[in-house]
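The values are calculated or read from the model by the stated rules, or taken from the named source; none is laboratory data. The structure displayed is predicted, hence computed values, not measured ones. So basically every Cβ, Gly included, is an ideal-geometry build from the backbone, and we count neighbours across all protein chains shown. Side chains included, ligands, DNA and RNA excluded: accessible areas come from the protein's heavy atoms. Shrake-Rupley method; radii C 1.70, N 1.55, O 1.52, S 1.80 Å.
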Amino acid sequence: MCGLSDMQETSEVKLTNMEKEMRRLIRDPKLLPPEKQTLLSIIADLAAAMNMSCFIVGGFVRDLLLGKPVNDLDIIVEGDAIKLGEALIQKHGGQLTPHTKFRTAIWHLPSTFTRSVQPSSLDLITARSESYLNPGALPTVKPSTIEDDLRRRDFTINAMAVRMDGDHFGELLDPLNGLADLEKGLIRVLHPRSFIDDPTRIFRAIRYEQRYFFTLEPSTFNLVNLESLAVITRLSGERIRHELDLIFGEEHSFQMIQRAGSLGLFDRIHPDLPLFNPDYSDFLDMDPMLDIPADRIAVGYMLWLMDLSEESIQSISNRLDFTADLEDLISAVARLKKSLPFLVNSKPSEWTYAIEKLPLLSIYVMYLISRETALLDYLSIWRHVRPRITGDDLKSRGLSPGPRFGEILTQLRSAWLDGQVKNAQEEKELLNTLL
Ligand code: CTP
């Protein structure tokens, strides 16, 4: 038996040039890290021993053929993925979460892998066919062949598979001519009802178009029409938000949002959704700064929606099922933007008390677009300033805890912030005047 792990081709197996090329790509450590190659070979070997055809599909094949590093291992077997998963945990350890309805399983990898492989689990899928009972609804699925599985997919460039088991290792399955479209840079649906069945594919088409600088093949482009756009209106907020999250996770999210808007998608989601303000587009790629956790997706939404009214933000948040945290971030930055003109020329203590209840990320985003140095001073210095005198010190000076306590500590803090005290001695002198 031959396989991914054998570096020498066996002499009995005659390989086509395409198979040789696929084997070379899969074994290229720049495209697929060696630990993932090992993982794949373990799965493929066991599938072969169990007489199951085993394939790697979708974005993995597309990106490999484009010479781009691949990450997600989408594994499909003709047979029973749960049985394969059970054999894997028996032989290699880890845990299995089976989903009997769809004959799929999640293999939570053993620690031998999780040290070097991320994510720490992978999906094992049984090849399936899908049918859509209603436009925009989730499909009904049943076990089937790999060919059927490829036919249920979104675009030809995503409908290729590479076989992994035994001597078949490296065979490219391309029944829908995805390779030709990949070479021409075309995004083409597999059938005319594709966007009606699943209008989230329109967002996906836009992502691939802008990510790879591809083109929507003309008849596919024409399918982004009144009929398919109408189905977007029926999609749940969660499904639309997932697509928007994916967009904001991408490098060219600005172009993707503009394209989605210009194709009329936003009108179908919420009447107040704007195009992206081009003045803000550079800030989508902000680097993490200070100790503020970088959240590319949240920053994307903030920049996109911050110029809207409070009511529009709230209403869009309801439609798109934003988390409370995300809605807070967008509202906070919108409010800060409106109050900024009133804060300019304020003292550091006034700035600090005005903004310290706001989420740090909203202040940082506002700093990015305004370059107001007080915001940066707040983030890097002022928010950490505390009086050196503590509540215990006040008690030992005979003051009993109460509202006056807090007032004194705030006055001391303001004095530090505004440079009225610069050392412990000056602080003590100020306290004497306050007691
Ligand atoms: N797919 C589909 N229709 C969808 C979503 C996914 O047909 N609405 C199929 C495509 O064949 C896709 C595969 O499922 O290749 C995996 O989906 P996903 O992981 O979302 O995409 P990737 O192809 O991995 O692409 P990306 O690089 O954008 O993650």
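Worth a mention:
- In region 110-139, residue nearest to residue 54 (Cα to Cα) [restricted to those that are of a type in the set (Ser, Thr, Tyr) and either more than 26 Å from the chain's Cα centre (by Cα) or not assigned by TED's automatic domain parsing to the domain that holds residue 100 (or both)]: 129
- Residue that is surrounded by the most Cβ atoms within 10 Å (Cβ to Cβ), among those in region 116-137 that are touching a helix residue (DSSP H, G or I) at 6+ places or on another chain (Cβ under 6 Å) and without any contact (Cβ under 8 Å) to a residue 24 or more places away in the chain: 129
- Members of region 221-269 found to be of a type in the set (Val, Ile, Thr) and within 14 Å of the ligand (Cβ to nearest atom), listed by number: 231, 232, 240, 247
- Take the conditions (1) more than 12 Å from the ligand (Cβ to nearest atom); (2) aromatic (Phe, Trp, Tyr); (3) in contact (Cβ under 8 Å) with a residue 40 or more places away in the chain; residue 213 misses just one of them, which is (3).
- Evaluated against (1) in contact (Cβ under 8 Å) with a residue 60 or more places away in the chain; (2) of a type in the set (Asp, Glu); (3) within 15 Å of the ligand (Cβ to nearest atom), residue 167 falls short on exactly one condition, (3).
- One residue from 254, 276 being under 20 Å from the mean Cα position of the chain (by Cα), in a loop (DSSP other than H, G, I, E, B) and modelled with pLDDT of 95 or more: 276
- Within region 176-194, restricting attention to residues that are under 30 Å from residue 134 (Cβ atoms) and part of a loop (DSSP other than H, G, I, E, B), the residue that is nearest to the chain's Cα centre (by Cα) is 188.
- Matching residues, region 47-69, being among the aliphatic types (A, V, I, L, M), within 11 Å of the ligand (Cβ to nearest atom) and either open to solvent by 10 Å² or more (accessible area, probe 1.4 Å) or outside the structural domain of residue 26 (by TED's automatic domain parsing) (or both): 66
- Some residue of region 176-185 being among the hydrophobic types (A, V, I, L, M, F, W, C), within 11 Å of the ligand (Cβ to nearest atom), open to solvent by 20 Å² or more (accessible area, probe 1.4 Å) and modelled with pLDDT of 95 or more: yes
- Boolean, residue 280 is closer than 26 Å to residue 204 by Cα, crowded, with 20+ Cβ neighbours inside 10 Å, touching a residue at least 12 places away in the same chain (Cβ under 8 Å) and not hydrophobic (A, V, I, L, M, F, W, C): no
- For residue 133, the conditions (1) farther than 22 Å from residue 196 by Cα; (2) part of a loop (DSSP other than H, G, I, E, B); (3) modelled with pLDDT under 95; (4) not charged (D, E, K, R) are fulfilled apart from (1).
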